[in-house]
Amino acid sequence: MPSSPARLCAYCSDLPLRKLYNLQDLDSSDRSFVSLGTVSRIRSSPCPLCRLVSHALHEAIRIDPARVRMIESEDKVSLDWSDPGSGERRAGFKLRGVTAAWLAFGVPGDNDIQSYYLSHPKANNWAYLHHRIEPQIDFSRLRGWIAKCGQGHTSCPPSATGSFANMFPGLGVLRLIDVEEGCLIETIDTVRYVALSYVWGTSVSPTTKTTKRNKSSMMRPGSLLREGKPSSRLPLTVANAMTLVRNLGFRYLWVDALCLVQNDAEDVRRGVDVMDMVYEMAYLTIIAACGHDSSAGLPGVEPGVRAAKALVHTVDDGIQMGLYTEVDQLLQTSVYESRAWTLQEHILSRRILYFLDDNVFFRCREREAIESCRDHLELTHRGGTTVWSLLPDSILMEHPLDDYASIVGYYSERALTNQGDALRAMAGIMRRFWAKLGYPMLEGLPTGAFDIFLVFLGEGLSRRSGFPSYSWAGWRGRVVFEAHVAAGGNNEWLEARTWIIWYKRSQHGSLHIPPKPVWDLAANESFPIHDLKYEGYRKRSPFKHPNLKVRSERTMPTDHIALPQWATRLGYPVLQFWTLSVFLRLGRAGGFTGNQAEILDSNGSICGHVYLDGFEDLPFFDSRNDVSEFIVLSESNHPLDYKDPMMKFEDNWKWYNVMLIEWTDGLAERRGLGKIEKDAVLLHRSCSPRPSWKEIVLG
């Protein structure tokens, strides 16, 4: 794109560029929002600002190819000036509907003018772009970011504190790469170290990870170096991280492939059990989010890898503008974000250097900085509505049940190489919520609010073996937990709208051992029952509907039940409980839509909707001409098929949350989650057999 500008077009001339560039206040006659016409007009315009907007549209598609459908040639585009006062992170121009790239002013070139601009209080949160990115990183700049955080931020505590045993329980010894000596060391001291978070891919070969055979040689000084530099045997990302750590003034680096003995199952288990603490206790985490595997490196660390790139172009006399994209947007389509294990590594880290899209970003809990932008930028909050601007706040656990549901939702769509790691890769996060909530987890579900986390929905879920069907961990695919909107919040809903008393049978125990309660208030004396800020079960309401003529008093489980021997080898607890069972039909007219289906009563009328789980891979759905069994879980005040996102939930609890189940040898499994109208049950519109109060054993 040439830097010598043509004249601004009639559309762009309406923007108060000069006033904004000169940090002047806008008045009522100034337009901070301008429609630029269609995409095709913008792409054919010689106007320099239109050309920058066209470049921004291409960037949006490059970052997220799925956006190509959103940017059709006749779609209209508008520019909207946003500043921190409007809730945005930084001042700049947004493309309405295309948030992947922002338009920002360049740093003025003249030193005197630049000094005026950068000292102006109004410019504090403006994203002034540097003129270009150099081929190699300015390490002194990065050191300044980290030092400012370490010296003045109360929310970003220092590195490891306390005893080694308390920080890394059960670990025995912490291995680190000594980047000065070029070898592994073992320590039980609380030293300051940097952690690397990255995607292995296929480039971590047997010769570039620690094994029982090579561990002793890896601990010899110089074993990881060649001619004073990291060995070319190492994955490029690891080698670059060693160089970076040394240039930042640190000595020790933690990398899983080297610091855990990969063919020693016990060593790996001990390390994985404290993986969350490894990242939380690190003084700094390097996130290598560029590329697809560990051969991508950290562009800009070594010379000759990253090309210099112009960042701004002249759009009007003396005014330069360019594009910048926030790390949150870039992460959303990265391979790094698609991996399950990287989630807790990311959100538990206190200070992070991101390497992404040939740029370096820094973020701690009080500040962020970008290599392409000036360093005067200082943010006291991150704001925004993107995934990664919300998740760091979720781990603060100010609203723990909602925060946990949010984190699990984002985690569930990530990829796992070993499906058996579904809970292990979340273990550190779950431990924190366990401590915050005041009650433990059962298969990833908070026991003191169990009903909330049984009501989850998912599109295209497939069954994950080794975990129960009643838990999100038992399914592959993104899950969303239903909102239970009650005037008194979760506490009121749990007390007034749920009734099931949940019991569990141990996966290791005999079927002759009586089941135990999932939640027992008497056994959880630490739960602050009188402090309503803590959400969880207190009082319970029985299920009572006299016109059903169903006796619903029994909640105690049968001590001895007949289950096949294979059920004792499932590897997870089964639930045992009493609730209402009803039979209804799945709608077939027109076929299923995706994995959603209508629920029909005995008259053939629609009485609800259900999301079907395992629809593509379970034989249960091959032929569903007969009635299906649903168990009633709890009450809801909204249907499943509401279309209006602004719909106000009334205090009129006219629906039941129901689970579609399938029985095999006396053991039920979830096959879907939906909602039905209460009247379909209470007005005797269900199918035969009639509703009954039934004991369910659910795996």
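Any read-out appearing in this document is the output of simple, stated calculations on the displayed coordinates, not a laboratory observation. Since the model is a prediction, treat every value here as computed from it, not as a measurement. Cβ atoms come from the backbone with ideal geometry, glycine included; neighbour counts cover every protein chain shown.
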- By Cβ neighbour count within 10 Å, fewest first, M218, M426 rank M218, M426
- When each of K436/K675; K94/K148; K533/K678; K504/K694; K544/K654 is checked by Cα-Cα distance, pairs over 25 Å: K436/K675; K94/K148; K533/K678
- Task: With +1 on each Lys and Arg Cβ and -1 on each Asp and Glu Cβ, and nothing else charged, work out how big the dipole of the chain is about its Cα centre, in Debye to the nearest 20.
- Result: 800
- Given H placed 1.01 Å from N in the peptide plane, which residues other than close sequence neighbours of N214 have an amide H under 5 Å from its amide H? none
- Going out from 0 in 5 Å bins, what whole percent of all Cα-Cα distances in the range 12-105 drops into each bin? 3, 13, 25, 25, 18, 11, 5, 1
- Could you list log10 I(q)/I(0) for the range 401-698 at q = 0.07, 0.08, 0.14 Å⁻¹, which the Debye formula gives when each Cα is one point scatterer? -0.25, -0.33, -1.13
- Task: Give the cross-link partners of K215 among the lysines, using a straight C-alpha distance below 22 Å as the criterion and excluding same-chain residues fewer than 8 apart.
- Result: K229
- For the range 538-549, in residue order, the Karplus 3J(HN,Hα) values (coefficients 6.51, -1.76, 1.60; θ = phi - 60°; whole Hz; Gly and Pro = x) are 10, 8, 10, 10, x, 8, 9, 9, x, 5, 6, 6
- Could you give the dipole magnitude of the range 12-105 about its Cα centre, charging the beta-carbon of Lys and Arg +1 and that of Asp and Glu -1, in debye to the nearest 20? 280
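So how do S78, S506 line up by other beta-carbon neighbours within 10 Å, fewest first?
S506, S78
At 25 °C and 0.890 mPa s, what whole-number value in µm²/s does Stokes-Einstein give for the translational diffusion of the chain, with Rh from the Kirkwood sum over Cα pairs?
Working: Rh = 28.6 Å.
Reported coefficient: 86 µm²/s.
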- Query: When each pair of different Cα atoms in the range 527-626 is counted once in the 1/r mean, what is the Kirkwood radius in angstroms, to one decimal?
  - Reply: 18.3
- Query: What number, rounded to the nearest 500 deg cm²/dmol, is the helix-based mean residue ellipticity at 222 nm of the chain, given -39500 (n - 2.57) per DSSP H run of at least four residues and division by all its residues?
  - Reply: -6000 deg cm²/dmol
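Could you tally the net charge around L284, taking each other residue with its Cβ under 10 Å from the Cβ of L284, Lys/Arg +1 and Asp/Glu -1? Display every interim value, and only then the final one.
Values: positive: R192, R350, R351; negative: none.
Summing Lys and Arg as +1 and Asp and Glu as -1 gives +3.
Please state the charge dipole magnitude for the range 281-356, taken about the Cα centre, from unit charges on C-beta atoms (+1 on K and R, -1 on D and E), reported in debye and rounded to the nearest 20.
280
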- Note on the structure: Among A523, G144, A496, the residue whose Cα sits farthest towards the positive end of the charge dipole of the chain (+1 at Cβ of Lys and Arg, -1 at Cβ of Asp and Glu, taken about the Cα centre) is A523
- List, in order, the whole-Hz ³J(HN,Hα) value for each residue of the range 180-190 obtained from phi through the Karplus relation with A = 6.51, B = -1.76, C = 1.60 and θ = phi - 60°; use x for Gly and Pro. 7, 7, x, 7, 7, 10, 10, 8, 10, 8, 8
- Query: Excluding L416 itself, what net charge comes from residues whose Cβ is under 10 Å from its Cβ, given Lys and Arg +1 and Asp and Glu -1?
  - Reply: +4
- Message: On C-alpha positions alone, give me the angle between the axis of helix 427-437 and the longest principal axis of the chain, in degrees, nearest 10.
- Response: 70
